[in-house]
Amino acid sequence: MNTTDSLRIFCYKNNRVFIDRCIHNHNSYHTSINRSTATTTYKMDETEKRELLERYNAIKSKITDPNVTLVAVSKTKPSFMIRELYENGHRHFGENYIQELELKSKELEDLKDIKWHFIGSVQSNKIKQLGSVLNLAVVETVEKSSAADKFAKCFSNHSQPLEIMVQVNTSGEQSKSGCEPNEVVDIVKHIISDEQCKKSLKFSGLMTIGSPNATEDQPDFKKLFECRDSISKQLGLPIESIALSMGMSHDFVEAIKFGSTSVRVGSAIFGERDYSKK
Ligand SMILES: *Cc1c(COP(=O)(O)O)cnc(C)c1O
């Protein structure tokens, strides 16, 4: 065995231990909210920190346009990793599961400027629960006017309006959430004109999850781009006021080429997710 091989095995094992430890800590979230402080007090060792920051900086270096927001998708990953990136200056984090977001937002409530993005599917009976998430800044996954109404109600006593993005199903896959492209103008119109919505919500953009096997011409990204044009024209909103949230670990560079202003990157920053132990 040569040096490269043994180094590779070492790295592999080390990473494995690290991931296992993260999952172990993560699982304690689900056991008890009170016990979960263990996840915040856990300290990453220097190697783990360095590796996380290296991955993060590698992603940052690929985003040269200052108008593009990087949302670090931290689902299934423990709070101490989020804290580490926050201390390194990062602010936008994305989560998919309400319970997990509730818990992490409590564990990290001392991080005053953190901006949580909810990017999971919105079930109307869980909207109220999101109302109690500290520092929830953006919900990216609204796909119906009725969901917007519920958010407006739950957030009416908040000092800051809640940012709302409308999720569009650009690929037409049955399994994907999001409204149809031809419904998006009406939904946005509702959000910006309904009295209750106007008071507590701020429409901030469109979001899509592209097809994982997209062709080079990126029809999903193009479609979202076109949706923004229609909204801007038909509702008189300036293009720059409408963010486009598209692009993940495997395609965020492409997405930016196609006009993305907000990329949601998870595994390329935090490492692969492992759901097997849940
Ligand atoms: C998990 C998730 C991401 C991040 O995915 P990666 O491939 O890990 O970058 C982005 N957007 C949504 C909606 C997600 O659920």
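How many residues, within region 232-245, are more than 9 Å from the ligand (Cβ to nearest atom) and under 15 Å from GLY178 (Cβ atoms)? Final tally of qualifying residues: 1.
Scanning region 105-138 for residues that are within 15 Å of the ligand (Cβ to nearest atom), crowded, with 21+ Cβ neighbours inside 10 Å and not in a strand (DSSP E or B) yields ILE119, VAL122. Of the residues SER177, SER193, SER245, the single one that is polar (S, T, N, Q) and out of contact with any strand residue (DSSP E or B) (no Cβ under 9 Å at 6 or more places or on another chain) is SER193.
One residue stands out in region 43-80 among those that are among the basic types (Lys, Arg) and assigned to a loop (DSSP other than H, G, I, E, B): the one that is surrounded by the fewest Cβ atoms within 10 Å (Cβ to Cβ), namely LYS43. Note on region 52-89: among residues that are over 18 Å from LYS257 (Cβ atoms) and charged (D, E, K, R), the one that is farthest from the chain's Cα centre (by Cα) is GLU54.
Determine if region 150-170 includes at least one residue that is surrounded by 15 or more Cβ atoms within 10 Å (Cβ to Cβ), of a type in the set (Asp, Glu) and more than 19 Å from THR69 (Cβ to Cβ). Looking for residues that are surrounded by 15 or more Cβ atoms within 10 Å (Cβ to Cβ), of a type in the set (Asp, Glu) and more than 19 Å from THR69 (Cβ to Cβ), one finds none in region 150-170, hence no. Checked against (1) at pLDDT 95 or above; (2) more than 8 Å from the ligand (Cβ to nearest atom); (3) closer than 20 Å to GLU95 by Cβ, ARG264 meets all criteria but (2). Just one residue in the set LYS277, LYS257 is more than 14 Å from the ligand (Cβ to nearest atom), modelled with pLDDT under 95 and more than 17 Å from GLU173 (Cβ to Cβ); that residue is LYS277.
Just give me the residues in region 197-217 being farther than 25 Å from PHE118 by Cβ and either crowded, with 20+ Cβ neighbours inside 10 Å or more than 16 Å from the ligand (Cβ to nearest atom) (or both), in sequence order. Hits for region 197-217 are THR215, GLU216, ASP217.
Just one of (1) of a type outside the set (Val, Ile, Thr); (2) within 12 Å of the ligand (Cβ to nearest atom); (3) surrounded by fewer than 22 Cβ atoms within 10 Å (Cβ to Cβ) fails for HIS190. It is (2).
The values are calculated or read from the model by the stated rules, or taken from the named source; none is laboratory data. Predicted model, so just to flag it, every value in this text is computed and none were measured. FYI the Cβ positions are ideal-geometry reconstructions off the backbone, even for glycines, and counts take in every protein chain you see.
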